[in-house]
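Enquirer: Below: one structure in structure tokens.
The values are calculated or read from the model by the stated rules, or taken from the named source; none is laboratory data. Bear in mind that the values here come from a model prediction, so they are computed numbers and not experimental data. With ideal geometry, Cβ positions are generated from the backbone for all residues, glycine too; neighbour counts draw on all protein chains shown.
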Ligand SMILES: [Zn+2]
């Protein structure tokens, strides 16, 4: 199975699931989660529903509140590839938005970010794009530097649902740092516009997609590990980066551990799941239960599962 297969299947599932439900942020987000779930028979993928969590931080901008407080994300995505001697793992916090405007993004220049704008919560955008230190709001727990010290900015990302026809919805993906306010907003709810530039960039040797025009290109990039920051062990990392990744792996491990345990209680299937497989590569000795884990998607792009 290739990334194109994954992208095609997710596109078909999404068009079906998203047109079944109302065009609201919550319903479309659930439709996306349901679309991922339908791919389980052919791909090594798992999705867990979870709690939304808020963080407190020093806001910036004319609209700022002191302190600022908002959700860190709707979905935590872990994608990994265990086909190499050293497994690779990427993670991103995705915030889902909906836009009532018309966005026509697929045609034109596939290597350039499409120019568009949409209404958003600027506090949330400020958090994910500027990536300050955060203080998790209890019972949520995360490292204060979870956004700040990621080497790739797509640790904070946004997907925007929109209508392309009365019966058909689509979405686009963007790394939060590739957005900027459209004018000089004074309020928290205002328009963001996309910045110009290439859809792919490379930072410290890591390829990163910053914009995907539709569900298909988004799915392909996710599968190819081009979205999110790396958290796997690697040679030549600075002490700080090594520690950041290790702490992140521990945190992700705890989240997966908690989710898997909750699912296993009601499910006697003895198959090793995608999530449990990734736990082998986190290189963590002990896992702890955490309270109200966030929604999580785990995707393994290695299809040895079908052998
Ligand atoms: Zn497209």
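Enquirer: Return a yes/no flag: does region 67-79 have any residue that is modelled with pLDDT under 90 and exposed (fewer than 14 other Cβ atoms within 10 Å of the Cβ). Working first, answer last.
Expert: Initially, region 67-79 is screened for residues modelled with pLDDT under 90, giving none.
No.
Enquirer: Residue by residue through region 224-264, note down the ones that are on the phi < 0 side of the Ramachandran plot and either in a loop (DSSP other than H, G, I, E, B) or within 15 Å of the ligand (Cβ to nearest atom) (or both). Don't jump to the end; show me each part of the working.
Expert: Taking region 224-264 first, the residues on the phi < 0 side of the Ramachandran plot are 224, 226-227, 229-235, 237-264.
224, 226, 227, 231, 232, 233, 234, 235, 237, 238, listed by residue number.
Residue-wise test of (1) buried (at least 20 other Cβ atoms within 10 Å of the Cβ); (2) closer than 25 Å to residue 83 by Cβ; (3) at pLDDT 95 or above.
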{"position": "245", "(1), (2), (3)": "yes, yes, yes"}
{"position": "263", "(1), (2), (3)": "no, no, no"}
{"position": "284", "(1), (2), (3)": "no, yes, no"}
{"position": "301", "(1), (2), (3)": "yes, yes, no"}
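Enquirer: Return the only residue of 276, 291 being closer than 24 Å to residue 145 by Cα and either modelled with pLDDT under 95 or part of a loop (DSSP other than H, G, I, E, B) (or both). Give the steps one after another, and end with the answer.
Expert: Numbers: 276 fails: closer than 24 Å to residue 145 by Cα.
Answer to the selection: 291.
Enquirer: Counting just the residues of region 144-174 that are more than 22 Å from residue 210 (Cα to Cα), without any contact (Cβ under 8 Å) to a residue 60 or more places away in the chain and outside any strand (DSSP E or B), which one comes out farthest from the chain's Cα centre (by Cα)?
Expert: Filtering region 144-174 for residues that are more than 22 Å from residue 210 (Cα to Cα), without any contact (Cβ under 8 Å) to a residue 60 or more places away in the chain and outside any strand (DSSP E or B), the one farthest from the chain's Cα centre (by Cα) comes out as 166.
Enquirer: Then there's this: Tell me which residues, restricted to region 113-139, are closer than 18 Å to residue 54 by Cβ and buried (at least 20 other Cβ atoms within 10 Å of the Cβ). Before the answer, list the steps.
Expert: Restricting attention to region 113-139, the residues satisfying the condition of being closer than 18 Å to residue 54 by Cβ are 120-139.
The answer is 120, 122, 123, 124, 125, 126, 127, 128, 129, 131, 134.
Enquirer: Consider only pairs whose beta carbons are under 6 Å apart and that are at least six residues apart or on different chains; among these, list those whose first residue lies in region 238-266 and is more than 22 Å from residue 147 (Cα to Cα) and whose second residue is assigned to a helix (DSSP H, G or I) and modelled with pLDDT of 95 or more.
Expert: As it stands, the answer is none, since no pair meets every condition given.
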